[in-house]
1. Under a Cβ-Cβ cut-off of 14 Å, what is the net charge of the residues other than Ala82 that fall near it, where Lys and Arg count +1 and Asp and Glu count -1?
2. Cα axis of helix 82-96 to longest principal axis of the chain: angle in degrees, 0 to 90, nearest 10?
3. Return the FRET efficiency for the residue pair Asp127, Arg22: r is the Cβ-Cβ distance, R0 is 35 Å, and the value is rounded to the nearest 0.05.
4. Run the numbers for Ser153 and Thr116: contour at 0.36 nm per residue of separation, minus the present Cα-Cα distance, in nm.
5. Which of Trp142, Trp75 has the fewest other C-beta atoms within 10 Å, and how do the rest follow up to the most?
6. Taking the Cβ of each residue in Thr104, Thr16 as the centre, tally the other Cβ atoms inside 10 Å and list the residues starting with the fewest.
7. Once you compute Rg and the Kirkwood Rh from C-alpha atoms, what is the Rg to Rh ratio for the stretch 75-127?
8. Just how large is the dipole of the chain about the Cα centre, in debye to the nearest 20, putting +1 at every Lys and Arg Cβ and -1 at every Asp and Glu Cβ?
Amino acid sequence: MSDRVLPSADPEIESTIDDFERFFSELIGDVADIARSAPNDIVRTLTVAPHNTLACRVGVTAEQFLHISMDDNGWELDGYAADDVALAKRILTAAIDGRVSKRTSPARSEMTVRFTDGTTMSTSSVDGCAALLIPQPGWRRWGSLTTYEPYRSA
């Protein structure tokens with residue numbers, strides 16, 4: 001066993017996760033469960049599991065970069081600057097309000113959020129090598145579409 005001590009999380013990481021935890025608590029109240037974890041001494045995560053099973057599960061991981069996850073897609077933001085945190089909160093608010101959809105096809109998916117001003121932002125992911133080896137022209141047109149519900153019912 002090693003006597004090596006891992007460094008504590010950077011104070012900026014801790015304060016960012018604290019800020020997101022307050023943000024989620026104020027925004028969602030009792031309609032979702034918020035779990036905070038520290039997979040190691042550097043990384044901090046928050047996972048938000050909505051009670052509405054048709055809503056999109058979201059998460060925030062703070063480490064070198066700020067990661068925003070939704071289902072198996074996500075955004076990696078440059079850091080912890082005010083504009084990065086503001087964008088992350090816009091993305092997360094869209095998901096919590098039910099303004100998110102996901103297009104999937106074999107080995108590919110794309111998550112799109114719609115902001116209150118009508119603009120959209122998307123992120124794509126591929127699953128393994130199959131996406132590189134199997135051409136699927138037009139998959140964004142014919143892939144299956146899931147539209148997530150808001151955390152709170154109307």
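Only the coordinates and a few stated rules stand behind these numbers; no lab work does. What you see is a predicted model, and the numbers here were worked out from it, not measured in a lab. Cβ atoms come from the backbone with ideal geometry, glycine included; neighbour counts cover every protein chain shown.
1. Within the 14 Å Cβ shell, the charges total -3.
2. 50 degrees
3. Computed FRET efficiency for Asp127 and Arg22 comes out at 0.55.
4. Result for the pair: 11.5 nm of gain on full extension.
5. Trp142, Trp75
6. Fewest to most other Cβ atoms nearby, the residues stand as Thr104, Thr16.
7. Value, to two decimals: 1.01.
8. Taking the Cα centre of the chain as origin, the dipole is about 880 debye.
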